[in-house]
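The values are calculated or read from the model by the stated rules, or taken from the named source; none is laboratory data. Fair warning: this is a prediction, and the values are worked out from it, not measured in the lab. Here the Cβ is made from the backbone with ideal geometry for all residues, glycine too, and neighbour counts use every protein chain on show. Accessible surface areas use protein heavy atoms only, side chains included; no ligands, DNA or RNA. Shrake-Rupley method; radii C 1.70, N 1.55, O 1.52, S 1.80 Å.
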Protein chains: 2
Amino acid sequence: MGVFGEASEMSRHTNEIAAAIAHLKVALGPVITENATLRENHSHGESYHAPAAPDAVCFPRMTEDVVEIMRASATFGVPVIPFGAGSSLEGHVHALRGGLSIDLTQMNKILRLSQEDMDVTVEAGVTRLQLGKALRNTGLMFPVDPGADATIGGMAATRASGTTTVRYGTMRENVLALKVVLPDGTVTTTGTRARKSSAGYDLTRLFVGSEGTLGVITEVTLRLHPVPEAVAAAVCTFDLLQGAVDTVIAVIQLGLRVARIELLDAQQLDAINKYSKTNYPLAPTLFFEFHGDHDRHVAEQAETVQSLAAERGGHGFEWATKLEERDRLWHARHNALYASLALRPGSRAWTTDVCVPISRLAECIIATAEDNKKAPFPVCMVGHAGDGNFHMLYVLDPNSASELEAAKRLNDRLVDRALTMDGTCTGEHGVGSGKMASLVKEHGTGVDVMRAIKRALDPDNRMNPGKVVDL
Amino acid sequence: MGVFGEASEMSRHTNEIAAAIAHLKVALGPVITENATLRENHSHGESYHAPAAPDAVCFPRMTEDVVEIMRASATFGVPVIPFGAGSSLEGHVHALRGGLSIDLTQMNKILRLSQEDMDVTVEAGVTRLQLGKALRNTGLMFPVDPGADATIGGMAATRASGTTTVRYGTMRENVLALKVVLPDGTVTTTGTRARKSSAGYDLTRLFVGSEGTLGVITEVTLRLHPVPEAVAAAVCTFDLLQGAVDTVIAVIQLGLRVARIELLDAQQLDAINKYSKTNYPLAPTLFFEFHGDHDRHVAEQAETVQSLAAERGGHGFEWATKLEERDRLWHARHNALYASLALRPGSRAWTTDVCVPISRLAECIIATAEDNKKAPFPVCMVGHAGDGNFHMLYVLDPNSASELEAAKRLNDRLVDRALTMDGTCTGEHGVGSGKMASLVKEHGTGVDVMRAIKRALDPDNRMNPGKVVDL
């Protein structure tokens, strides 16, 4: 199985799959469908990976439906692939060996909300924006923001993070507990609503980031955070990338309550200017967001950051407290991917995702940008600089084998560079099928530990096979 | 096995253990000892559990020594028990089935410190206070504070937390990576220095809190935090416990940067007043600590908290920014355990550890205090109220079977109450041998998942057997 198109449908309608589908049609009725369009819709995420359609798609309405599906999977030995919003980037949801796609989007109820405890329990198919809407007027928010309107279940399954991680953490820090259906159909709850616990192995953190390879997440209990009293955004341009990164390091060392620090390069700003009709200077640029107790406090933070930036070659510092100005800025940032794709009609993005210690960030980006000069396609860069995580967007022709080959070569070099710098091959997009070789490079003997866990919990390798670790 | 004294030395000097010791004496020389005093020192933690001595104690000087020990353990089928400062409270380090205690305290080097990246790598035997000393003058601190001067390896192994968790998180949030020696002697590193990663199963979080039952932690890479520019402490007394807890909820909902919120009851304050020569009123009391960017900012926070407390029946609000005043306050708080023990010479403490959603905290404490009226020993209460975690200290005669029986009954009721409230049986002390039955009550089918993981990684059950889950 692999990156360039040989994704398999070989198992379509084996006897086992036919029997499982027939069984589930009786047991669950319209919850399961073989509709060709729906199968096609569930054959891919948002990445360059070649699609691979499941044999059928299930739309469970409740955990008990998932139990029924998992029991059929066990009885007939059929693979299952949990599916949320389909916004993943490493081939996570592709049915590489056929089987049943389990689409959780019909399970989209907010089950419980506690303002006093600042937590909420949602079904896995609730999306990020849906949750944000439900929290309006509560004074609370769920800050993890990967950009896409992903499902909360998918975000948990891939250990998602994004622009606000520098302050609020990733899904790892913000999931209190999960309800999970195990490969044999057993339902388990991985934690309680206690804010912390030392009760045994950390099953919550084991399933967060397991990418559907150990069980199906059906409910998620999340920590919420108070909506800050005051928010400000700022933009600052630098002549040199090193100055921008040094500013980030200084800001974090001062312990300022910065909620976002995003780094964009000239090529990315050019794409954004064209797409969003903005006119940012074409140079390394930081986008900031500050959260504070009151306006004066965020103003002080912005002023401190301005002087830190100025000492490091930053100029054109502009800051905004008005909602519409802030929205315009973050709207432009959020559209970075679409802006990049618009540089080249018909293109798809291959998005790299390394994360390195911040002290190595400038060096890593500069060496990579040097490599990218040879790329046969445009390359844009956006980074969650406060975390040391950045993305090179290769804007490529998905039908060009030579471009895909060039992208693979560049990405491999980047991953190797990040690992040399004691970084990781994937900061937030996960392994899927796309980063399995990188995972081995990064973790070495750790992959054997992962495989032992996989074998212990899913000995038949029915849970999203061909992803993360294979048996 | 169990709580009341029948801890076993039955395996002392079986042929296998004799062979393992003989082998290691040749391979590692003075690293291993059968000295009776040292064996006795390694037979217990700081809890009421009956001691159980190992057959020998090893003092590895480096990871390679641990590898040699684990290979001998595998070859001869001998249990090993990792040992740090011996400050654990649930029987974690007791050699219930004999074997080799692995004392990591000779591995006490700070291996690497990065001020730019705000992280540090230490050997497992470095203690909390030693690390604090090494960080002096760096502008950085490691905030996790369980009270005892535990080793960093032990703190990672038990997922320790403490007074500052409300702001800085537990070991779960502050460990970036571990070096672990697996049961067969393989060395693995669970993560990189990247601030976040979605590269496969979260092995770091699996070993954090695994209590030596899956491998031996030999190195820990930690996140550090900037030392706050300004710090203030405050004390406030309440007529009713409910008012104190409501104040905590209001403070957290406002998003104030409170670094500590500790709740003490009248009995505990009485013990503290006697022990530390203080004169706190004997009523429910909150101790606060605020961290901020400058004095004015912490002053504003203290004033906000004062008015929130006053609206909820708080009075006698006093706050202190001077280091010596703050130290006196936190010194008194830190000595709560010793103050309690001083109420009754010759006593030992049985320390409960439930953690519940904060909205249920007052109800849980009040019902428990009602139960405690029947206790045949003094009971003091301290709580990390911001997390919903509190400890009842049963100050008991460890030689009295009836007192131990009464303590067990009270603790069982408390655990059941916490679980009914969607809390956990142990917020920060871990499972050890003392909470294994509670773990089953809390996790149900989740314990089968834990057992499957244990079996996958330690099929011979040589790693700290009789703790967390047993095979």
### Query
Sorted from shortest, what are the nm distances separating the label point of residue A:129 from equivalent points in the other copies, each placed 7 Å from Cα along Cα to C-beta?
5.6
### Summary
Sorted by chain and number, the residues with a modelled amide H under 5 Å from that of residue A:320, at a separation of 5 or more or across chains, are A:233, A:234
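Taking a probe of 1.4 Å and counting only protein heavy atoms, give the total accessible area buried between chains A and B in Å², rounded to the nearest 100.
6800 Å²
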## Note on the structure
Computed about the Cα centre, the charge dipole of the range B:110-226 from +1 Lys/Arg and -1 Asp/Glu charges at the Cβ has a magnitude in debye, to the nearest 20, of 280 debye
### Query
What average number of partner chain Cβ atoms lie no more than 10 Å from the Cβ of the residues making up A:246-254?
3
### Cut-off under 5 Å, modelled amide H: who pairs with residue B:111 long-range
B:121, B:122, B:123
### Query
Looking at the range A:15-106, what % of its DSSP beta bridges pair antiparallel, to the nearest 5?
20 percent
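Output the pairs from A:133/A:454; B:373/B:454; A:435/B:109; A:441/B:25; B:133/B:322 with a Cα-Cα distance over 30 Å in this structure; if there are none, say none. Don't skip to the answer; put the middle values down first.
Details: A:133/A:454 37 Å; B:373/B:454 40 Å; A:435/B:109 35 Å; A:441/B:25 37 Å; B:133/B:322 21 Å.
Too far apart for the 30 Å limit: A:133/A:454; B:373/B:454; A:435/B:109; A:441/B:25.
Tell me, what is the per residue accessible area of chain A in Å², probe radius 1.4 Å? Don't skip to the end; give the middle numbers.
Details: 15930 Å² over 471 residues.
Here the per-residue accessible area is 34 Å².
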### Summary
For the range A:22-170, the Cα gyration tensor yields equivalent-ellipsoid semi-axes (√(5λ), largest first, whole Å) of 29, 19, 12
### Query
If the protein assembly as shown were replaced by its equivalent ellipsoid, with semi-axes equal to the square roots of 5 times the Cα gyration tensor eigenvalues, what would those be, largest first, whole Å?
43, 35, 28
### Query
Average projected area of the Cα convex hull of the range A:344-429, in nm²?
5.1 nm²
### Task
In nm, give the distance between the simple-model label positions of residue A:460 and residue A:229, each being 7 Å from the Cα along the Cα-to-Cβ direction.
5.7 nm
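How shielded is B:154-160 by partner chains, expressed as the average number of their Cβ atoms within 10 Å of its Cβ atoms? Before the final figure, lay out the partial values.
Numbers: counts 0, 0, 0, 0, 1, 7, 1.
Mean number of neighbouring Cβ atoms from other chains: 1.
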### Message
Once you place label points 7 Å from the Cα toward the Cβ at residue B:37 and residue A:470, how far apart are they in nm?
### Response
6.0 nm
### Summary
at residue A:279 the sorted inter-copy label distances (label 7 Å from Cα on Cβ side), in nanometres, are 7.1
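How much of the accessible area of the range B:93-220, probe 1.4 Å, is carbon plus sulfur, in whole percent? Show your work: numbers first, answer last.
Working: 1450 of 3100 Å².
C and S atoms contribute 47 percent here.
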### Query
Placing a label point 7 Å from Cα toward Cβ, how far apart in nm is residue B:35 from its equivalents in the other copies, listed shortest first to one decimal?
7.5
### Query
So what's the projected area for the range A:110-226, the Cα convex hull averaged over all directions, in nm²?
6.9 nm²
### Query
How would you order A:251-260, A:127-136 from highest to lowest mean count of nearby Cβ atoms within 10 Å?
A:251-260, A:127-136
#### Entry: Bins of 5 Å from zero: percent of alpha-carbon pairs in the range B:15-106
3, 17, 28, 26, 17, 8, 2, 0
### Query
When the distances between all Cα atoms of chain B are binned every 10 Å from zero, what whole-number percent does each bin get?
4, 20, 30, 26, 15, 4, 1
### Message
Just to be sure I understand the model, the point goes 7 Å from the Cα along the line to the Cβ. What's the resulting residue B:315 to residue A:310 distance in nm?
### Response
5.1 nm
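Count, for each residue of A:287-298, the Cβ atoms from other chains sitting within 10 Å of its Cβ, then give me the mean as a whole number. Mind dumping the intermediate values first?
Values: counts 0, 0, 0, 0, 1, 3, 9, 1, 0, 3, 5, 0.
The per-residue average across the peptide is 2.
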#### Entry: the range A:8-73-the range B:31-68 distance, computed between alpha-carbon centres (Å)
55 Å
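Would you mind working out the magnitude of the charge dipole of the protein assembly as shown relative to its Cα centre, with +1 at each Lys and Arg C-beta and -1 at each Asp and Glu C-beta, to the nearest 20 Debye?
Values: 92 positive and 112 negative charges, 103 e Å.
With only Lys, Arg, Asp and Glu charged at Cβ, the dipole is about 500 debye.
Listed highest first by mean packing, meaning other Cβ atoms within 10 Å per residue, what order do B:266-277, A:456-467 come in? Write down the numbers at each step before the final one.
Values: B:266-277: 19.6, A:456-467: 21.2.
Answer by packing, highest mean first, reads A:456-467, B:266-277.
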### Query
Which percent, nearest 5, of DSSP beta bridges in chain B are antiparallel?
85 percent
### Message
Check which residues have an amide H placed less than 5 Å from residue A:430's amide H, if you skip close sequence neighbours.
### Response
B:198
### Query
For the range A:227-344, what percent of Cα pairs sit more than 25 Å apart?
20 percent
